[in-house]
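Following: one structure in structure tokens, then a few remarks.
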Amino acid sequence: MKLKDLARELGLSLTTVSRALNNYPEVSDDTRARVKRVADQVGYQPNIIARGLAVGEIGAIAVMVPKESTSYLDPDTIEFLVGIAEVLAPAGQDILLVQSSRDESLETCRNIIESRRADAIIICYPAPVDSRVRFLADANFPFVVYGKSRTPVAHTWVDIDHRDAAFRSTAFLFERGHEKIAAIEGPVQFAFAEERMAGIRRAFDQFELPPCIINDTFCDYTGYEHTLRLLRQASPPTAFVYGSLLSAIGGGRAIRELGKQERIAVVTQDNGVPYLSPKNILPRMTMTSFPIREAAKRVAQQTIRMMDVNAAIETESWKPRLISIAQSGRD
């Protein structure tokens, strides 16, 4: 039996039951005795993590971001954190920013809970199948995921429809006559990259052409290096789909160096960062509009809601918009 099952049996809140089991003074002697008596009767064994949990008392929510996405001060991550803060600060909740690598992430979750450093956890950019989701669900700990994964556990998540965005971006270029298209996407350890690759492959299959997809870290350097290498081939691409504006900026530099800005079409997968305007970037590009800050606000709202013992599981997928700034070459 889990703590939430015991709370349901008693008709009490999860907070009250947790405090009674841990001898908090806010709980009356009668309630504490009743909770412990019923716990003994049903054979409840407290989870080692749940024992250290005092729900709603810490005043902080942990935001877990992968080291890979922040090592270059990724602007999407910054924009996301701003959106989170706009909701959590008025609610009296601080942000505990936690970086962890893929190998460290599960142990990081355990440490956050056992050390009582946060009331809830927000997981950003999950893996295609993320062990943290099952771990937190089994621990009865409030959490929300920013990203959709294939993890077979019911949980609350908010995400952009990356598969649809990638399909529409790639199909956009095919429809304009490009047959040699290269996609430079994010690392395969992230669920969003898996979703985007599925969308890109769908577009290539629809137009009966072999896919060209490169996965790497999002930054201007990798965008530059991959674009330069591809454009120097005997039969180079005539169009690129970049997974981030940072990669597109690097790719644009390679295109300009080779003097091909009038012949290469560019689509990038985000423009949710207000201080990186694509209107000031050459070559001109088309992009999908991701409302990162608004999605972050919704994640924060859902996290606060999930701290209620009776909160229901909810999922949300946001559709991006395709915005044409200006097209070069064949467009």
Of the residues in segment 251-300, those that are at pLDDT 85 or above, under 30 Å from A62 (Cα atoms) and acidic (D, E) number 1
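Would you confirm, using the coordinates I've provided, whether A91 is in a loop (DSSP other than H, G, I, E, B), of a type outside the set (D, E) and crowded, with 20+ Cβ neighbours inside 10 Å?
Numbers: in a loop (DSSP other than H, G, I, E, B): yes; of a type outside the set (D, E): yes; crowded, with 20+ Cβ neighbours inside 10 Å: no.
No; evaluated as a whole, the condition is false for this residue.
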Which count do you get for residues in segment 84-131 that are among the polar types (S, T, N, Q) and touching a Leu at 6+ places or on another chain (Cβ under 8 Å)? 1
Hits in segment 190-212 - residues which are over 21 Å from the mean Cα position of the chain (by Cα) and open to solvent by less than 60 Å² (accessible area, probe 1.4 Å): A203, F204, L209, C212
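Yes/no per residue for (1) part of a helix (DSSP H, G or I); (2) at pLDDT 75 or above; (3) open to solvent by 40 Å² or more (accessible area, probe 1.4 Å); (4) of a type in the set (D, E):
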position	(1), (2), (3), (4)
S18	yes, no, no, no
Q45	no, no, yes, no
V55	no, no, no, no
G83	yes, yes, no, no
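Can you tell me which residue is most open to solvent (accessible area, probe 1.4 Å) among those in segment 213-227 that are among the hydroxyl-bearing types (S, T, Y) and without any contact (Cβ under 8 Å) to a residue 60 or more places away in the chain? First the steps, then the outcome.
Narrowing segment 213-227 to residues among the hydroxyl-bearing types (S, T, Y): 217, 221-222, 224, 227.
From what is left, the residues that are without any contact (Cβ under 8 Å) to a residue 60 or more places away in the chain are 221-222, 224, 227.
Working: Y221: 134, T222: 16, Y224: 29, T227: 0 Å².
Result: Y221.
Just to be sure I understand, how many residues within segment 290-319 are of a type in the set (A, V, I, L, M, F, W, C) and part of a helix (DSSP H, G or I)?
Kept after step one, since they are of a type in the set (A, V, I, L, M, F, W, C), are these residues of segment 290-319: 290, 292, 295-296, 299-300, 304, 306-307, 309, 311-313, 318.
In the following step, the residues that additionally are part of a helix (DSSP H, G or I) were identified as 292, 295-296, 299-300, 304, 306.
Looking only at that region, the number is 7.
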List, please: which pairs have Cβ atoms under 6 Å, are six or more places apart or on different chains, and start with a residue in segment 100-126 that is more than 11 Å from F141 (Cα to Cα) and end with one that is open to solvent by 60 Å² or more (accessible area, probe 1.4 Å)? S101/K67; L106/S131
Which pairs do you get when a residue that is open to solvent by 30 Å² or more (accessible area, probe 1.4 Å), found in segment 233-244, comes within reach of a residue that is part of a strand (DSSP E or B), reach meaning Cβ atoms under 9 angstrom, with the pair 6+ apart or on two chains? P236/A182
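The values are calculated or read from the model by the stated rules, or taken from the named source; none is laboratory data. Worth saying up front: this structure is predicted, and the values here are computed from it rather than measured. Virtual Cβ from ideal backbone geometry, glycine too; neighbours counted across all protein chains shown. Just the protein is used for accessible areas: all its heavy atoms, side chains included, with ligands, DNA and RNA removed. Shrake-Rupley method; radii C 1.70, N 1.55, O 1.52, S 1.80 Å.
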